[in-house]
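Worksheet: one structure, shown below.
The values are calculated or read from the model by the stated rules, or taken from the named source; none is laboratory data. None of the values given here were measured: they were computed from a predicted structure. Here the Cβ is made from the backbone with ideal geometry for all residues, glycine too, and neighbour counts use every protein chain on show. Each accessible area value is taken on the protein alone, full model and side chains, heavy atoms only, with ligands, DNA and RNA left out. Shrake-Rupley method; radii C 1.70, N 1.55, O 1.52, S 1.80 Å.
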Amino acid sequence: MTVLNSSDVGPLTVLVSSRAVLTLADDSLILTPATIVISPRTGKIITAVPSIMPASSFPPSATYVDHSPKILLPGLVDAHVHLNEPGRTEWEGFWTGTRAAASGGVTTVVDMPLNAIPPTTTVANFEVKLAASRGKCWVDVGFYGGVIPGNAHELKPLVEAGVRGFKGFLIESGVDEFPAVSSKDVALAMETLKDSPTTLMFHAEMIPPITNSVGDAVLHSDPPLAPTGDLTSYHTFLESRPPSFETCAVEEILALAPIAPDLQLHIVHLSATQCIPLLREARARGVKVTAETCFHYLGLAAEEIGEGDTRHKCCPPIREEKNRDGLWEELVAGEDQSCIKTVVSDHSPCTPELKLLPGHLASTTAASSTTRPQMTHADSGIDVRPPSEDKNVKAAKAARTDDTATAAAAARGDFFAAWGGISSVGLGLPILHTKALLRRSQSQAAPSIVDMVRLCSQATAAQVGLSHRKGGLRAGMDADVCVFDESEAWTFTQGDMRWKNRCSPWEGHEFVGRVRETWLRGHKVFDLGGVAGDGDGVGFVCGKPLGETITEKRVY
């Protein structure tokens, strides 16, 4: 058989391997030898054959690369990333965040609506974000809109403008420009979007009500009692954010679901396994609700977190090992049964200063270039205001003084005052693969490489309405390819961090499995160890960013 060159697709690139995960016509996935024929001109896969075809089958002008025994995977779709630009670009930006994604085989990220200033809560704000992204994206980028009090009239225009879905918080987000929504706000958003092709997503934590009824007053009730114990102890922080925060919020969302029975609902970064029975029961009743979990909830456990190691702070929190095991068990429960359909990074970085790292960690963390002072935030459900000159505050926090530097030093390692968020975009595949190998060695259930493609590529693409072009290796799809060496052992260091601020709880972790190449729409954009084409970092071989912003209107 000879595959002829065609004038409408131009020169061909042919990637072959003894192992690849292809998508079949019925959307099932298969691990098989494969030949993937790509048109760099159109950026599309021409054909994906479940066998290895020799180079002689193609014109001499074709680029033919045999990656055996490495695995060819569809580029990952990370459907939960905070890029923070504009407004907080010192935390993260399009240039650095998408480079980090590309280095880990992620070819599409979907940007969350908050932490940038302005947030993506209006069409005008969305246009500001799009302008800030131009010429800076190393992978393709989609966008979510935000649901906040008073912006219901902006939701349908944002659908028309091409956002992939919407996110709202049922607890304070930590930034003033993105306030939490009440039950009335959620109901209005559901009513507004009930006939739209979109997904309505929730940060599902609520402070449990102080009465038996769950209503809007819960958002204004007194916060929990002050934490009992050392604020540098992770156990103290974990106790302050119990599973009831998550179950309360999930119950509230499910109670409102009948308002929009055809609207897809989604729980972001599910942490507490106590939510799983609630979601399963709702799905059995026909409620259109799914959930995602994150690489850090699957790879880290509370028992492993050291004193004051605020790199691990996130909300909802990383819970105990037993809870982690429950998340893994739900992942392998089967596509029809499991309520957890996707795994994402929730890459939510900040500057190292805002992490308030203790001295032994701060000294090894690359410093940020910014001198912006510590920001006020309330992401712990209790008073986490930074040091103040108010005498009453000083009396309550005797270790702190009115000197900002001294106060910040006193707060180092304080899990309640530190900003919450984990940096990990582009690291998901090694995390999952390594932990799955460990679990199988201990006779515990773990997803296969095919399952990982479903969870991190196929299903995440479907979640944001991009299944027609992203998340699979088959004819007609974008030629997004990840070349994965499942046997390479390596240790993650600061030098491997390509996000803006080199601060992550994954530093020092040993992994098995590493992304060697990343191809975006038919062009190799990353080659581990390759000579950089832009003079700015090893491996980025394409010379300039080739990523596009995805603003096509969602149709399903």
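Points to keep in mind about this one:
- Test: residue in segment 415-437 that is modelled with pLDDT under 95, open to solvent by 40 Å² or more (accessible area, probe 1.4 Å) and either closer than 30 Å to residue 457 by Cβ or in a loop (DSSP other than H, G, I, E, B) (or both): no
- Some residue of segment 195-212 being under 30 Å from residue 240 (Cβ atoms), of a type in the set (Asp, Glu), at pLDDT 95 or above and outside any loop (DSSP other than H, G, I, E, B): no
- Only one entry of 416, 484, 492 meets the criterion of being under 22 Å from residue 520 (Cβ atoms) and among the aromatic types (Phe, Trp, Tyr), and that entry is 484.
- Inside segment 135-175, residues that are under 17 Å from residue 555 (Cβ atoms), open to solvent by 30 Å² or more (accessible area, probe 1.4 Å) and basic (Lys, Arg) make up a count of 1.
- When we screen 18, 51, 61 for residues that are hydroxyl-bearing (Ser, Thr, Tyr) and either closer than 22 Å to residue 514 by Cα or surrounded by 22 or more Cβ atoms within 10 Å (Cβ to Cβ) (or both), the only hit is 18.
- With respect to the stated conditions, residue 306 fails to be of a type outside the set (Asp, Glu), touching a Lys or Arg at 6+ places or on another chain (Cβ under 6 Å) and under 25 Å from residue 442 (Cα atoms).
- Qualifying position, being surrounded by fewer than 17 Cβ atoms within 10 Å (Cβ to Cβ), at pLDDT 95 or above and farther than 16 Å from residue 233 by Cβ, among 336, 346, 325: 325
- Total residues in segment 451-472, condition surrounded by fewer than 21 Cβ atoms within 10 Å (Cβ to Cβ) and under 14 Å from residue 343 (Cβ atoms): 1
- Segment 104-133 - residue that is without any contact (Cβ under 8 Å) to a residue 40 or more places away in the chain and in a loop (DSSP other than H, G, I, E, B) and, of those, nearest to the chain's Cα centre (by Cα): 116
- Of all residue pairs spaced 6 or more apart or on separate chains, those with beta-carbon atoms under 8 Å, a first member in segment 175-201 that is touching a residue at least 60 places away in the same chain (Cβ under 8 Å) and farther than 14 Å from residue 252 by Cα and a second member that is charged (D, E, K, R) and assigned to a helix (DSSP H, G or I) are 193/156; 196/156.
- 3 or more residues without any contact (Cβ under 8 Å) to a residue 40 or more places away in the chain and touching a Ser or Thr at 6+ places or on another chain (Cβ under 9 Å): qualifying strands (runs of 3 or more DSSP E) within segment 10-92: 29-39
- Contact map, segment 237-253: first residue touching a residue at least 24 places away in the same chain (Cβ under 8 Å) and of a type outside the set (A, V, I, L, M, F, W, C), second residue part of a helix (DSSP H, G or I) and open to solvent by less than 10 Å² (accessible area, probe 1.4 Å), Cβ cut-off under 7 Å, separation 6 or more or different chains; pairs are 246/275; 247/275.
- Identity of the residue in segment 469-488, not in a loop (DSSP other than H, G, I, E, B) and not acidic (Asp, Glu), that ends up farthest from residue 16 (Cα to Cα): 487
- When the residues of segment 103-131 are filtered to those that are under 30 Å from residue 430 (Cβ atoms) and out of contact with any strand residue (DSSP E or B) (no Cβ under 9 Å at 6 or more places or on another chain), the one that is surrounded by the most Cβ atoms within 10 Å (Cβ to Cβ) is 116.
- Residue in segment 510-526 that is touching a helix residue (DSSP H, G or I) at 6+ places or on another chain (Cβ under 6 Å), part of a loop (DSSP other than H, G, I, E, B), surrounded by fewer than 24 Cβ atoms within 10 Å (Cβ to Cβ) and not aliphatic (A, V, I, L, M) present: no
- Among (1) more than 22 Å from residue 469 (Cβ to Cβ); (2) assigned to a strand (DSSP E or B), the one test that residue 142 misses: (1)
- The listed residues are 389, 353, and the only one of them that is open to solvent by 20 Å² or more (accessible area, probe 1.4 Å), farther than 20 Å from residue 428 by Cβ, at pLDDT below 95 and in a helix (DSSP H, G or I) turns out to be 353.
- Taking the listed residues 51, 17, the one that is farther than 25 Å from residue 462 by Cα, among the small types (Gly, Ala, Ser) and touching a Lys or Arg at 6+ places or on another chain (Cβ under 8 Å) is 17, with no other qualifying.
- Any hit, segment 335-347, residues being in a helix (DSSP H, G or I), farther than 30 Å from residue 87 by Cβ and touching a residue at least 40 places away in the same chain (Cβ under 8 Å): no
- Tabulated pairs, segment 289-316, first on the phi > 0 side of the Ramachandran plot, second open to solvent by less than 10 Å² (accessible area, probe 1.4 Å) and modelled with pLDDT under 95, C-beta under 6 angstrom, 6+ apart or interchain: 308/413
- Scope segment 223-273; condition surrounded by fewer than 16 Cβ atoms within 10 Å (Cβ to Cβ), modelled with pLDDT of 95 or more and not in a helix (DSSP H, G or I); matching residues: 261, 262
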